[in-house]
Amino acid sequence: MKIPFLDLKAAHAELRGELEAASRRVLESGWFIMGPECEAFEAEFAAYCGARHCVGVGNGLEALHLILRAMGVGEGDEVIVPSNTYIATWLAVSYAGATPVPVEPDGRTHNLDPARVEEAVTPRTKVIMPVHLYGQTADMDAINEIAVRRNLRVVEDAAQAHGASYKGRRAGSLADAAGFSFYPGKNLGALGDAGAVVTDDDGLADRVRVLRNYGSRVKYEHEARGYNSRLDELQAALMRAKLPVLDGWNGRRRRVAESYLQQLEGVAGLILPVVPEWAEPVWHLFVVRTPERARLQAYLSEAGVGTLVHYPKPPHMQTAYADAGHRAGDFPLAGRLSAEVLSLPMGPHLSDEAVEYVVSKLSSFA
Ligand SMILES: *Cc1c(COP(=O)(O)O)cnc(C)c1O
């Protein structure tokens, strides 16, 4: 049996007719940037998240960057970020000219630990940026409570959490603003790069709209030195075809996760994901932990099972941040997780037989 880590072809085969109709609509319209498809997607995705505004942008990194810019974050400011995240979270802060200040996760959920956030706040801190890692929301009430008390703003990195909820409310409606990525492999993916800012804040949404389009509100009038970061008509139309099935696809991911959780319980040497009672994850990734990661990954690969590591090297150990003065042992939990995590095959098109097969291989490994 050959089981890919993620089967995007199956996803697109299921919606072939809808995706072709969407592409045709855009081709025939002759309008490709900032038009009716982007506007319609923005309204539909804002409603999906339970927020007032959605502003389509070029990608997830830009979504986070433009939020920080719109909040006035810049040189000399600090933004609290997880020590164990994809580097985009940190880069968004660096793009804005500010300093990413890493905080270690809760060892059970892998999400930002509110108890450690408070210790990292300094007079320069402006924003806390939790990541809803692997599709499970961070502990937002605890984080928002610190932010209110310390007069900070909170930005969700929701790039992995389309449809995830926290105490019944969806990612995108849990803080001052949220950045989403629609990279093809995300739970809601474009067929190329795309992203969005989601917020209830009228002023913030307005500033992001201006910044994403060359700082311009009226053609050839530029009120700010903005950027070119727009969600194009083709990607918006394609995602409008996919948004109606997102809940169904997330539901199928949930069933795969439940199956893994049930059947892998008690497998020696394997630490399974922990879901707090307030979280309803959308399982962007199903991540297990084992000190035998390299051997297990090779064993599964030999058996035809595709796995990936999210992520093998934490941002503070990347050459890109060599000048920040972090050392190898500085964030031991992030370091340890990067050595032990392994993402199993996961997706809405993973069959029951495939799940059984992965489980049987994991069980026979020990
Ligand atoms: C994918 C991702 C991003 C960046 O999204 P792009 O669209 O690739 O720019 C940011 N943060 C996290 C946690 C991600 O997984």
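The values are calculated or read from the model by the stated rules, or taken from the named source; none is laboratory data. Quantities reported herein were computed from a predicted structural model and do not represent experimental measurements. Methodologically, a virtual Cβ is constructed for each residue, glycine included, from the backbone with ideal geometry; neighbour enumeration extends over all protein chains shown. SASA here: full protein model, heavy atoms, side chains in, ligands and nucleic acids out. Shrake-Rupley method; radii C 1.70, N 1.55, O 1.52, S 1.80 Å.
With a cut-off of 18 Å, note down the residues of the range 66-87 whose backbone N falls inside the zone around a label point 7 Å from the Cα of Ala120 toward its beta carbon.
Under 18 Å, as judged by backbone N against the label point of Ala120, lie 68, 73-74, 76-87 of the range 66-87.
Within the range 51-123, list the GluC sites (Glu not before Pro) lying in a DSSP loop whose Cβ has at most 14 other Cβ atoms in a 10 Å radius.
On the way: sites: Glu62, Glu75, Glu78, Glu118, Glu119; in loops: Glu75.
Answer by residue number: Glu75.
Test of understanding: what is the full-extension gain from Leu272 to Glu28, defined as 0.36 nm times their sequence separation minus their Cα-Cα distance? Kindly include the intermediate steps, with their values, before the conclusion.
Working: separation 244, 0.36 × 244 = 87.84 nm, distance 4.90 nm.
Taking Leu272 through Glu28 to full extension adds about 82.9 nm, to one decimal.
Would you mind working out the magnitude of the charge dipole of the range 252-366 relative to its Cα centre, with +1 at each Lys and Arg C-beta and -1 at each Asp and Glu C-beta, to the nearest 20 Debye?
On the way: 11 positive and 12 negative charges, 45 e Å.
In debye, rounded to 20, the range 252-366 gives about 220.
What's the Kirkwood radius of the range 1-75 in Å, using all Cα pairs?
Over the range 1-75, the inverse of the mean reciprocal pair distance is 15.6 Å.
Quick one: 3J(HN,Hα) in Hz for the range 214-223, Karplus 6.51/-1.76/1.60 with θ = phi - 60°, rounded, Gly and Pro as x.
6, x, 10, 10, 10, 3, 6, 10, 10, 8
Using the C-alpha gyration tensor of the range 60-105, what are the square roots of 5 times its eigenvalues, in whole angstrom, with the largest one first? Present the calculation step by step, with values, prior to reporting the outcome.
Working: eigenvalues 54, 30, 10 Å².
Result for the range 60-105: semi-axes of 16, 12, 7 Å.
Could you work out how much longer the chain between Glu145 and Ala40 gets when fully extended? Use 0.36 nm per residue separation minus the Cα distance between them, nm to one decimal.
Values: separation 105, 0.36 × 105 = 37.80 nm, distance 3.41 nm.
Going from the current span to full extension adds 34.4 nm.
When ranked by the protection proxy of mean other Cβ atoms within 10 Å per residue, highest first, what sequence do the peptides 163-169, 91-97, 190-196 form? Let's see the in-between values first.
Values: 163-169: 17.9, 91-97: 20.3, 190-196: 23.3.
Averaged packing, sorted descending, gives the order 190-196, 91-97, 163-169.
Could you tell me which of rounded, prolate or oblate describes the range 151-237, using a ≥ b ≥ c as the square roots of the eigenvalues of the alpha-carbon gyration tensor, with rounded for a/c under 1.5 and, failing that, prolate when a/b is larger than b/c and oblate otherwise? The partial results should precede the final answer.
Values: a/c = 2.74, a/b = 1.29, b/c = 2.13.
Here the range 151-237 falls in the oblate category.
Roll a 1.4 Å probe over the protein chains and send me the accessible area per residue for the chain in Å².
On the way: 15720 Å² over 366 residues.
Computed with neighbouring chains in place, this is 43 Å² per residue.
Based on DSSP H runs of at least 4 residues, each adding -39500 (n - 2.57), what is the mean residue ellipticity at 222 nm of the chain after dividing by all its residues, to the nearest 500 deg cm²/dmol? Could the numbers behind the result be given before it?
Working: 13 runs with 146 residues, N = 366.
Calculated at 222 nm, the ellipticity per residue is -12000 deg cm²/dmol.
What does the extension gain come out to for Ala328 and Arg108, with contour length at 0.36 nm per residue minus their alpha carbon separation? Walk me through the intermediate numbers first.
Numbers: separation 220, 0.36 × 220 = 79.20 nm, distance 2.18 nm.
Gain on stretching Ala328 to Arg108: 77.0 nm.
Calculate the FRET efficiency for Arg255 and Glu302 from the Cβ-Cβ distance with a Förster distance of 30 Å, rounded to the nearest 0.05.
Efficiency, rounded to the nearest 0.05: 0.65.
Run the Debye formula on the Cα coordinates of the range 9-164, all scatterers equal and no solvent, and tell me log10 I(q)/I(0) at q = 0.13 1/Å.
Here the Debye-derived log intensity ratios amount to -0.69.
First measure r as the distance between the Cβ atoms of Lys219 and Glu20, then evaluate 1/(1 + (r/R0)^6) with R0 = 25 Å and state the FRET efficiency to the nearest 0.05. If you can, show how the numbers build up before the last one.
Values: r = 33 Å, r/R0 = 1.30.
FRET efficiency, Lys219 to Glu20: 0.15.
Rounded if a/c is under 1.5, else prolate if a/b is larger than b/c, else oblate: which is the chain, with a ≥ b ≥ c the root eigenvalues of its Cα gyration tensor?
On the way: a/c = 1.91, a/b = 1.18, b/c = 1.62.
Oblate shape, in that a/c is at least 1.5 and b/c is the bigger or equal ratio.
Report in % the part of the accessible area of the range 137-220 that belongs to carbon and sulfur, leaving out ligands and nucleic acids; probe 1.4 Å.
Working: 1480 of 3090 Å².
Of all accessible area on the range 137-220, carbon and sulfur atoms account for 48 percent.
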